[in-house]
1. Would you say V67 is over 16 Å from S2 (Cβ atoms) and of a type in the set (A, V, I, L, M, F, W, C)?
2. With modelled with pLDDT of 95 or more and out of contact with any helix residue (DSSP H, G or I) (no Cβ under 6 Å at 6 or more places or on another chain) as the only criterion, which of V67, V54 stands out?
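The values are calculated or read from the model by the stated rules, or taken from the named source; none is laboratory data. The structure presented is a predicted model; accordingly, all values stated were derived computationally and were not measured. With ideal geometry, Cβ positions are generated from the backbone for all residues, glycine too; neighbour counts draw on all protein chains shown.
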Amino acid sequence: MSAPFFERVRGIAADILEVRPNQITPQSSSENIETWDSVHHLNLILAFEQEFGVQLEPEEIDEMNNVERIISILEQKLNHHG
């Protein structure tokens, strides 16, 4: 995981989840971010799709349950994308 990529994901997640960027770590999830509910999760997915120009599959969306996993899935998509 590259630092600039993490920073982009962190910035988006902080915006959507309405927390400070320094509260977002690779381990951040709905378990430890109070505002991360199902609605915010959907908004996160939509924001990532728009930001990175990818289309996420339902199985991938289900797996995106923490920041580290989100980055892993996005990086896989982007590496196969172009």
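1. On the way: over 16 Å from S2 (Cβ atoms): no; of a type in the set (A, V, I, L, M, F, W, C): yes.
So V67 fails the test.
2. On the way: V54 fails: out of contact with any helix residue (DSSP H, G or I) (no Cβ under 6 Å at 6 or more places or on another chain).
Result: V67 is the single residue among V67, V54 that is modelled with pLDDT of 95 or more and out of contact with any helix residue (DSSP H, G or I) (no Cβ under 6 Å at 6 or more places or on another chain).
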